[in-house]
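As structure tokens, the structure follows; a few thoughts come after it.
The values are calculated or read from the model by the stated rules, or taken from the named source; none is laboratory data. A quick note: this is a predicted structure, and the numbers were derived from the prediction, not measured. Don't worry about glycine lacking a Cβ; one is built from the backbone with ideal geometry, like all the others, and counts go over all protein chains shown. All accessible areas refer to the heavy atoms of the entire protein, side chains included, with ligands and DNA or RNA removed. Shrake-Rupley method; radii C 1.70, N 1.55, O 1.52, S 1.80 Å.
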Amino acid sequence: MRLMWHVSRIVVVFILVTTGAFGSAPAPTPLLLSYEERAVMAYLLAGVGKSDDEKIAIAELLAKQLRESQSKATRQITISDFSHFPHYFQGNWPDSYSVASDIDLLEQRRLRAPISISGETLEVQSRILEFHAGRAGELIRRLGPTLSGIDTKIAAGGLAKFFLLTPRRDMVLRAFSEAEALMNEEFSKIQGIGEMIAKTDKLQGLSPEMKAFLSQIFKEYFTHMSPETKALVTVRLMGQDLNLDPMKKFEIMILSGGPQFQKLLQVVAREANLSPDLLEIFRRLESKAPPVPAMIVQDMIERERGTYDWMKYDLKPLGVGTMAQVHKGRIRTSQGPRDVVIRFLKPDIEKRVNEDHRILSAIAPKIDADPVLRAAGFPLLTPIVSDLTKTVREELSLRETIVRQIRGREVYTKKGFFGGSTYKNDLFISVPEIYDYDRASSLMVQDLVIGKKLDFVAEQYKEAIPDLKKVIVEELARMWVEELTFKSGFFHADMHQGNFMIEMHERGLRVNILDFGMGGTISREMQSQILLLGAGIEILKPSAILHALWSISDQTRNQITRPQLEARVKVLVRDMDQGRKPLMGVGGWATWAMENGLQFPYEFIGMNRGLAILDKLLQDSGSKFTMAALSRQAANAHAARVWTDLKASGEMSTRDILRLGWLAVTNSSPATIPYREVQPQPRTTPMSSLKCSRVLMPATGAL
């Protein structure tokens, strides 16, 4: 009977803590789970998807942990301010990349000793007592008549005590089942968050089709998460105030998403029409993702002592991204001590990439069938998913990232000139050096560079150097397009502000380019075909457009034959020439080709992502140039090369090339693109940004 009384108590408390925690009505005071309560829930959620025997084994581990914890002397903690209370009450949680990893870390360091928190002053002690009383009262209020016959003290503190006993097997399994059921119930509520946000002013600046897209993807994405990932999100939510504001809960959900999902939202984040708080959440995806815990980081670094002679390293990260994490350190080299940055891929990130591909592939057909999106001609999500996955998988190879950075250091290290309106000086562009490169290493160790983000520096010097941002972005873009189009073909595919830093010195300005996780090199043949595509678009010559698109594509994977594509190109060109369809640039044609069955290689997709990001940087900086205009400048500087390549294609006659030259002379405005303008269209819109996820470039195109 006593065992059954304890069992009844834990079932009541279990429902009380979880169902009450995720209720929709906000409480007047924060509602927090203690460290011990969260530990019990984590162990229970670690059983999701496991067999009954595995669940019993997990329960035995938990019971052992709790017995060890209870055997320790109670730790007395005195606080001078109530604001310190949540830190001690909730404890130092692992917050790793999975619930299984959380459990592993708890098993390594063991649960903490019991604590007793008191206040230094009567006022603080009164607040502590009010917190406990209010917490118990709120939980009881939420649970209602279910608490009949059980006193408040037991209800508030009995969760962990159940596992100190030896309960019946069926009751333990029931606890695991309740945990999973309540997790699923929470995720059924999460489905509505996207719709809720879409109905508020958070998306008021977006088009109806973009609102419909975001509402759908927020609703569907979290529903399709694996049970293990749902458990992780649930445990993270349990570390917050359980009366969490919907926007805060939304932020945790977004930061718990997979790499492709987050990169898709980063495209949206570059729009200016989101509400400030929603825009800030999306922008945090670039540098504020959940970090890998210090214990795991230390183990990863220490395993590499045979490769690197560590003098010291910081366990607090310098930055945390979707895929990777970086830390500051110091190593001994043959040239002496060097301050370095240590970069590594997050554990289990490949598993999340695969899961994200599964989720997005499952929900894309439903979103693509949305009547609002189809009526607006919204880009199809299904092919975008494939492209995003290809792009993200490129980042999974640390070795390839290192090779790209070594190459980037060779081609991007330059000394130029900063020619602003009020300030002139040398401009240095550099890439950090890689140290002790070992193919078997799980780390990437490079020079530590000091600097700040461009927006911060531009704001700091806005009076003295008002055009600082514009000049730097233009010089980066010129270098990028010159190297891509007429030199080695190398490109950095992700040059947003988080991936370069600015140093200001008396002797000049330095731009340090970072993170070569995405990038590559286009072939000499692809360079020629891109020039041909642009030229064909300029003079609306179907055969040149067809030849370039088909040559760039991966012909073994195309889902359309060349004759079929040729017929469609001719129809579209005729419609454009007669004014029935708007003119398109390279990006628009590439998107159209993909939607008609062409499959492009990663290099083309990655190149266009880089173009899109730099084009947006130019726009944000106030530059009068587009990437296409800078491409035109580069083409004019290499006129002989352009002539040779176009003639060699066999698709351009001497007359065609002379016509192109005449257009270049007469259309001399530096802000115009080298080929026909899209009619009429803002340079970047929410819809065109999502289209650029398809070929990862603006709809106006470039080159």
Residue list for the range 230-241, filter: buried (at least 22 other Cβ atoms within 10 Å of the Cβ) and either in contact with a Pro (Cβ under 9 Å, 6 or more places away or on another chain) or of a type in the set (Ser, Thr, Tyr) (or both): THR234
When you check SER430 against the structure, is it among the polar types (S, T, N, Q), at pLDDT 95 or above, open to solvent by less than 60 Å² (accessible area, probe 1.4 Å) and under 26 Å from GLY319 (Cα atoms), yes or no? yes
Within the range 173-182, how many residues turn out to be more than 12 Å from TYR43 (Cα to Cα) and either open to solvent by less than 20 Å² (accessible area, probe 1.4 Å) or free of Cβ contacts under 8 Å to residues at least 24 places away in the same chain (or both)? 2
Specify the residue that is least open to solvent (accessible area, probe 1.4 Å); the eligible residues are those in the range 183-210 that are modelled with pLDDT of 70 or more and among the acidic types (Asp, Glu). GLU186
Restricted to the range 82-135 and to residues being of a type in the set (Ser, Thr, Tyr) and in contact with a strand residue (DSSP E or B) (Cβ under 7 Å, 6 or more places away or on another chain), the residue farthest from LYS346 (Cα to Cα) is SER118
Need pairs with beta-carbon distance below 6 Å; first residue in contact (Cβ under 8 Å) with a residue 40 or more places away in the chain and among the aromatic types (Phe, Trp, Tyr) and within the range 56-83, second assigned to a helix (DSSP H, G or I) and open to solvent by 70 Å² or more (accessible area, probe 1.4 Å); sequence gap 6+ or separate chains. PHE82/ARG127
Of all residues making up the range 439-452, the number that are open to solvent by less than 60 Å² (accessible area, probe 1.4 Å), in a loop (DSSP other than H, G, I, E, B) and of a type outside the set (Gly, Ala, Ser): 3
When restricted to ARG358, ARG393, the only residue open to solvent by 60 Å² or more (accessible area, probe 1.4 Å), within 23 Å of PRO601 (Cα to Cα), modelled with pLDDT of 90 or more and not acidic (Asp, Glu) is ARG358
Wholly inside the range 20-126, helices (runs of 4 or more DSSP H) that include 2 or more residues that are open to solvent by 10 Å² or more (accessible area, probe 1.4 Å) and hydrophobic (A, V, I, L, M, F, W, C) are 52-71, 99-109
Restricting attention to the range 595-603, does a residue exist that is closer than 26 Å to ASP494 by Cα, part of a helix (DSSP H, G or I) and not acidic (Asp, Glu)? yes
Name the residues in the range 563-585 that are within 16 Å of LEU533 (Cα to Cα) and touching a helix residue (DSSP H, G or I) at 6+ places or on another chain (Cβ under 6 Å), would you? GLU566, VAL569, LYS570, VAL573, LEU583
For the range 327-336: of the residues being surrounded by fewer than 19 Cβ atoms within 10 Å (Cβ to Cβ) and within 30 Å of the chain's Cα centre (by Cα), which is farthest from TYR308 (Cα to Cα)? LYS328
Residue check, ASP339 open to solvent by less than 60 Å² (accessible area, probe 1.4 Å), in a strand (DSSP E or B), at negative phi and not aliphatic (A, V, I, L, M): yes
Within the set of pairs 6+ apart or on separate chains, which have a first residue in the range 540-552 that is more than 8 Å from GLU651 (Cβ to Cβ), a second that is open to solvent by 20 Å² or more (accessible area, probe 1.4 Å), and C-beta atoms under 7 Å apart? LEU540/ASP577; PRO542/LYS570; LEU546/GLU566; TRP550/ARG562; ILE552/MET526
From the residues in the range 127-160 that are in a helix (DSSP H, G or I) and charged (D, E, K, R), which one is modelled with the highest pLDDT? ARG127
Could you check how many residues of the range 350-386 are assigned to a helix (DSSP H, G or I) and in contact with a Leu (Cβ under 7 Å, 6 or more places away or on another chain)? 6
By residue number, the members of the range 279-308 that are of a type in the set (D, E, K, R) and either buried (at least 19 other Cβ atoms within 10 Å of the Cβ) or touching a residue at least 24 places away in the same chain (Cβ under 8 Å) (or both) are ARG284, GLU286, LYS288, ARG303, GLU304
Note on ASP436: of the conditions (1) modelled with pLDDT under 90; (2) under 30 Å from ARG358 (Cβ atoms); (3) out of contact with any helix residue (DSSP H, G or I) (no Cβ under 6 Å at 6 or more places or on another chain), unmet is (2)
Could you say whether any residue in the range 403-414 is in a loop (DSSP other than H, G, I, E, B), modelled with pLDDT of 95 or more and open to solvent by less than 80 Å² (accessible area, probe 1.4 Å)? yes
Looking at the range 414-441, which of its residues are under 30 Å from PRO347 (Cα atoms) and acidic (Asp, Glu)? GLU433, ASP436, ASP438
In the range 568-621, what count of residues is obtained for those that are open to solvent by 30 Å² or more (accessible area, probe 1.4 Å), more than 27 Å from the chain's Cα centre (by Cα) and within 19 Å of GLN555 (Cα to Cα)? 2
Output yes when any residue across the range 586-605 is touching a residue at least 12 places away in the same chain (Cβ under 8 Å), closer than 24 Å to ARG524 by Cα and touching a strand residue (DSSP E or B) at 6+ places or on another chain (Cβ under 9 Å), and no when none is. yes
